Amino acid sequence: MASKPGILTDWPWTPLGSFKYIILGPWVMETIHSIMVKDPQEWDLTNFTVIPFMLWRMLHNQLWISFSRYRTAKGTNRIVDKGIEFDQVDREKNWDDQILFNGILFFLANKYVPGASHLPLWRTDGVIITMLLHVGPVEFLYYWFHRALHHHYLYSPVIHPFAEHIVYFALFAIPMLTVVLTETGSIIAIAGYITYIDLMNNMGHCNFELIPNWVFSIFPPLKYLMYTPSFHSLHHTQFRTNYSLFMPFYDYIYDTMDKSSDILYENSLKRKEETPNVVHLTHLTTPESIYHLRLGFASLASKPYSSAWYLWLLWPVTLWSMVLTRIYRRTLVVERNRFHQLRLQTWAIPKYGIQYRLKWQKESVNNMIEEAVLEAEEKGASGEELNRYGEVYVKKHPQLKVKLVDGSSLAVAVLLNSIPKGTTQVLLRGHLTKVAFAVAFALCQKGIQVTILREDEYEKLDKSLGTKSEGKLVTSKSYSSCKVWFVGDDLTEEEQRKANKGTLFIPFSQLPPKKLRKDCFYHTTPAMQTPTALENVDSCENWLPRRVMSVWRIAGILHALEGWEEHECGYTMSNIDKVWEACLKHGFQPLKVPTQSKS
């Protein structure tokens, strides 16, 4: 085995990174030029279809990726239990390279292969010849090449080097070149053939069994002519069995079929939806946040949430997704994790952040949350974590066995432990939430002065705390006295700019403030580093770094781990010290206080 990769290991355009698609520039410009200078009757129809077909292939693949992640999260008919981690997402972020590679080859073939530029839209004989050639030489040659590759070379069956893609395309090109050179080909035949390959390839790697048993009962020979996802999954877990492309026929002939193929297939079909121990309810923040979900673009979901300019190009898809959220009024499972013996799921409510603040949306949002709570109760979940106080659901359904946890006590504990040692006064500014009231109270009890800028906010806090403030709650118009600010959703840009140089902003809300000051420090929203025992973590949570989880999510996990029976919702708070100690005991670690700002 070579000590370092050879010249055909990486894709040639890897150094270009996100700008790799500029290599299509010459062909795109040539196509545009021909449209502008040639008569419509002389246009090269084949050349015009390459870019749209590439876009279709990307959409087709992305739909399979999203659907597979959704079904894997639900657990229905799941095949392999092994989760995905960030390193796998990083390895597979170039999944579109083979589409780019094929696109270049199609442009070249159209230019240099005789007859390619004059393909008709449809020919029946070309379709028949294409499929016969695939079933014959392509499947046969692929089987022996794949078998030889695994027997003589040690490499990961997940990561395919560039050289392997060259060989694969050469095999798949046999039917296409044949119909082109024999003048029996057509644009639809070639597009349909590649779509068929994408369909079967994605189905084989989707990690859930979707071929029902009755299909093989109606036509038994199909068992040898079409593989199933479970059949191909054994190739990736056992490595030296089930080599066939899409037809198990050759594995049966040459006795390389894994003996457990039929058992795994039957067991996968019988597998029911996984029952969670803890459910975390979340929601979309902005219309573009659909792409950052685990079900969206894997490479975006594996990085802290941020807006990307190229997402504006997808505005038709974004608009359609907003329409779908109006139609689809149920939560959907977007993530599945495991922590020791706990089964964790994240359910997304198809509502955006702004809708939570609109009065006319209040009833709709509450109804959807209530439905999610009752669904979790029906599935036997032992913990439920909500983004709202949730007391209305407990009063409305007093028989609930599921525990509602809003995470406020852990949020307060994390905030108190985010203050630099020796701090004697802090400034509290922002929309006064349950967490804000609790933080103000805890700070006053610790002898730390809490300064309030606005009179209305001071009156609300003073009325709530009364003598419990120990005289530490004060009002002031001065911005210069405090170097530590606890900030919420209402913080204005003007107020940020008035802060002293070196001020530390600590958000007590779930959304971070906009980072305007390069000379100030910004802490994350309340969150903690997760232990390595938390499995299947491959997406970032909102604006948080990798493997950092918000306290509102951790709180539900702690409730289940500790077996606590009380609800934490409404204006009820759990014991802050008890929650903090339990959090540390189970391996969650506090984040470091930032020592330098980031723009």
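The values are calculated or read from the model by the stated rules, or taken from the named source; none is laboratory data. No experiment lies behind these values; they were computed from the predicted model shown. We place every Cβ from the backbone using ideal geometry, glycine too, and count neighbours over all the protein chains shown. Accessible surface is based on the protein model in full, side chains and every heavy atom, while ligands, DNA and RNA are left aside. Shrake-Rupley method; radii C 1.70, N 1.55, O 1.52, S 1.80 Å.
The single condition among (1) over 30 Å from Lys111 (Cβ atoms); (2) within 35 Å of the chain's Cα centre (by Cα); (3) open to solvent by less than 60 Å² (accessible area, probe 1.4 Å) that Ile190 does not meet is (1).
Selection within the stretch 550-565: residues that are among the charged types (D, E, K, R) and more than 22 Å from the chain's Cα centre (by Cα). The member of this set that is farthest from Leu591 (Cα to Cα) is Glu565.
Scanning the stretch 39-51 for residues that are of a type outside the set (A, V, I, L, M, F, W, C) and either more than 30 Å from Cys206 (Cβ to Cβ) or in the same structural domain as Phe297 (by the TED database) (or both) returns Asp39, Pro40, Gln41, Glu42, Asp44, Thr46, Asn47.
Across the stretch 405-421, the number of residues qualifying as in a loop (DSSP other than H, G, I, E, B) and surrounded by 24 or more Cβ atoms within 10 Å (Cβ to Cβ) comes to 2.
Quick grid of which residues meet (1) assigned by the TED database to the domain that holds Pro513; (2) small (Gly, Ala, Ser); (3) out of contact with any strand residue (DSSP E or B) (no Cβ under 8 Å at 6 or more places or on another chain):
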{"residue": "Ser418", "(1), (2), (3)": "yes, yes, no"}
{"residue": "Gly422", "(1), (2), (3)": "yes, yes, yes"}
{"residue": "Leu432", "(1), (2), (3)": "yes, no, yes"}
{"residue": "Thr451", "(1), (2), (3)": "yes, no, no"}
{"residue": "Asp462", "(1), (2), (3)": "yes, no, no"}
{"residue": "Leu465", "(1), (2), (3)": "yes, no, no"}
{"residue": "Ser476", "(1), (2), (3)": "yes, yes, no"}
{"residue": "Ser480", "(1), (2), (3)": "yes, yes, yes"}
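On inspection, Leu504 qualifies as within 19 Å of Val412 (Cα to Cα), open to solvent by less than 30 Å² (accessible area, probe 1.4 Å), in contact (Cβ under 8 Å) with a residue 40 or more places away in the chain and within 40 Å of the chain's Cα centre (by Cα). The helices (runs of 4 or more DSSP H) located wholly in the stretch 194-281 that include 2 or more residues which are within 30 Å of Leu100 (Cβ to Cβ) and not assigned by the TED database to the domain that holds Phe140 occupy 229-238.
The sole residue among Met54, Met36, Met29 that is out of contact with any Cys (no Cβ under 9 Å at 6 or more places or on another chain) and either assigned by the TED database to the domain that holds Thr331 or open to solvent by less than 50 Å² (accessible area, probe 1.4 Å) (or both) is Met54. Which of the residues spanning the stretch 62-96 are open to solvent by less than 40 Å² (accessible area, probe 1.4 Å) and either of a type in the set (A, V, I, L, M, F, W, C) or free of Cβ contacts under 8 Å to residues at least 40 places away in the same chain (or both)? Within the stretch 62-96, Trp64, Ala73, Ile79, Phe86, Val89, Asp96 qualify. Filtered by the rule that a residue be polar (S, T, N, Q), open to solvent by 20 Å² or more (accessible area, probe 1.4 Å) and within 28 Å of Gly380 (Cα to Cα), the stretch 259-288 gives Asn267, Thr275, Asn277, Thr282. Picking from residues in the stretch 566-599 that are assigned to a helix (DSSP H, G or I) and touching a residue at least 12 places away in the same chain (Cβ under 8 Å), the one that is farthest from the chain's Cα centre (by Cα) is Asp577.
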